[in-house]
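Asks: Structure incoming, see below.
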Amino acid sequence: MRLRQRLNGDARLGAGYAHGRHGRSTYVAAGPANHSARAQLTQTAPNGGEDELAADIANFAQVDLTVEVGTTIRWTNRDGATHTTTAGEPGNETGTWDSGRLNRDESFSFTFNEAGTFQYFCKIHPATMRAAATATPTPPAPPTAIPTATPTATAEPTAIAEDPAVQSVEIGASKDNTLYENAGG
Amino acid sequence: MYVGRTNGGSLRRALFQFDVAGSLPPGATVVSATLKIRVTKTRAEKHTLVLHRVLVGWGEGSSTPSTSGGGGGGPAADGDATWLHTFFHTETWSSACGDFDHEASAETSVAGNPSWRWTSEQMAADIQQWLDDPASNYGWILVGNESANQTTKRFATRENSDEGHRPLLTVEYTGRRGPSGASRSYLR
């Protein structure tokens with residue numbers, strides 16, 4: 001299933017609030033660093049699980065982003081020129097992510113599972129292509145039950161919250177081999 | 001990789017291993033598992049290929065098939081799994097090519113090209129075990145129709161030049177989120 005809501009703007013994108021199949025992501029696109037450039041954000045739920053926002057790299061611009069923790073951003077290079085999305089600042093890469101060289105229509109995805117503000121830039125055009133991605137904590141779920149009149153003992157909080165959403169991961173083989181009867185290998 | 005019995009009557013079996021513990025967050029609950037592999041050469045007849053959980057460690061050396069098409073294999077290199085060895089030439093299977101759970105994890109009837117999938121609750125249970133106890137992860141062995149000649153099917157390996165043809169395990173799970181970057185991927 002692919003849930004899609006497209007926001008797009010020219011110099012500035014408005015704040016949005018969208019619902020995915022299994023969750024909800026707040027996204028605010030404050031506009032590309034280069035305000036004359038055009039940028040797009042697209043929300044998708046590609047795997048029936050994680051929310052995903054698609055951010056186009058276009059017209060030599062990176063976009064400032066604000067997302068909830070757990071959101072995946074997919075950057076796609078729409079320019080004819082090669083770009084990167086690289087965490088950090090020119091001369092001070094953090095290593096949090098680095099797409100490597102993205103040619104036209106190539107994409108790179110990264111999931112923000114920790115809150116914080118992450119500067120990022122294009123290593124090929126560091127002077128002009130800089131932006132920031134801010135991951136905010138997921139808001140608490142709304143109450144689902146009305147409290148009883150008589151207070152009851154509360155359960156011990158669990159140390160680690162379980163995520164009920166079904167997530168998916170693809171794993172390539174780390175080893176494979178053929179066993180040949182009556183052969184050398 | 002080859003699975004089945006060749007024209008000359010020799011058996012072929014394929015081994016796969018996946019880094020489950022390095023790909024899923026600890027404490028996750030596995031919901032489903034699907035293995036997709038791609039046929040690259042076969043006769044048209046359909047044969048059932050059965051996946052079993054391997055019970056001992058095995059190696060992948062640097063050997064490459066020396067015969068045309070790779071069906072005849074080639075000289076084993078140090079560390080290779082072979083019909084007799086788990087690690088050539090120092091460790092052997094307890095019985096020739098036999099240290100796997102004889103209870104099937106999954107089976108699929110495979111005909112011609114292109115890709116085929118194995119999925120089952122037992123495969124999900126195998127993955128869960130490998131996540132909870134990574135030391136027990138020795139992967140799966142794929143066993144074909146060994147009752148007749150000319151049943152061999154060739155599959156793309158993880159070294160295939162086309163990334164989309166390589167063996168791929170898809171796992172659905174619930175539970176803790178992984179560290180940042182766990183979902184990193186390239187898409188085109």
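Asks: How do B:55, B:131 line up, fewest other C-beta atoms within 10 Å first?
Replies: On the way: B:55 15, B:131 22.
Ascending number of Cβ neighbours within 10 Å: B:55, B:131.
Asks: Ok, one more. Based on other C-beta atoms within 10 Å, arrange B:48, B:6, B:90, B:82 from fewest to most. Walk me through the intermediate numbers first.
Replies: On the way: B:48 13, B:6 19, B:90 10, B:82 28.
Fewest-to-most ranking of B:48, B:6, B:90, B:82: B:90, B:48, B:6, B:82.
Asks: Sequence neighbours fewer than 8 away in the same chain don't count; with that in mind, list the aspartates and glutamates whose C-alpha is under 18 Å from residue B:36.
Replies: Partners found: A:170, A:176, B:19, B:107, B:121, B:126, B:159, B:162, B:163, B:172.
Asks: Going by how many other beta carbons lie within 10 Å of each one, how would you line up A:105, B:126, B:101, A:98, fewest first? Don't skip to the end; give the middle numbers.
Replies: Numbers: A:105 11, B:126 25, B:101 14, A:98 17.
If I rank by nearby Cβ atoms, fewest first, I get A:105, B:101, A:98, B:126.
Asks: Return the distance in nm (one decimal) between the two label points of a simple spin-label model at residue B:91 and residue B:77, each offset 7 Å from Cα along Cα→Cβ.
Replies: 1.9
Asks: In whole Hz and in residue order, list the ³J(HN,Hα) couplings for the stretch B:82-99 that follow from phi through the Karplus curve 6.51 cos²θ - 1.76 cosθ + 1.60, θ = phi - 60°; x for Gly and Pro.
Replies: Whole-Hz 3J(HN,Hα) from phi for the stretch B:82-99: 10, 4, 9, 10, 7, 9, 5, 10, 9, 10, 10, 5, 5, 9, 3, 6, x, 8.
Asks: Residue B:121: net charge of surrounding residues, Cβ under 15 Å, Lys/Arg +1, Asp/Glu -1, itself excluded?
Replies: Values: positive: B:53, B:117; negative: B:101, B:103, B:107, B:126, B:172.
Counting the neighbours of residue B:121, the net charge comes to -3.
Asks: Label points 7 Å out from Cα along the Cβ direction at residue B:102 and residue B:125: separation in nm?
Replies: 1.8
Asks: Follow-up question, since we're still on this one. Return one number: the angle in degrees, 0 to 90 and rounded to the nearest 10, between the long axis of the Cα atoms of helix B:121-132 and the longest principal axis of the Cα atoms of chain B.
Replies: Taking Cα atoms only, the helix is inclined about 60 degrees.
Each reported figure results from applying straightforward, stated rules to the coordinates on display, with no laboratory input. Just so it is clear, the model here is predicted, and its values are computed rather than measured. Neighbour counts run over all protein chains shown; Cβ positions are idealised from the backbone, glycine included.
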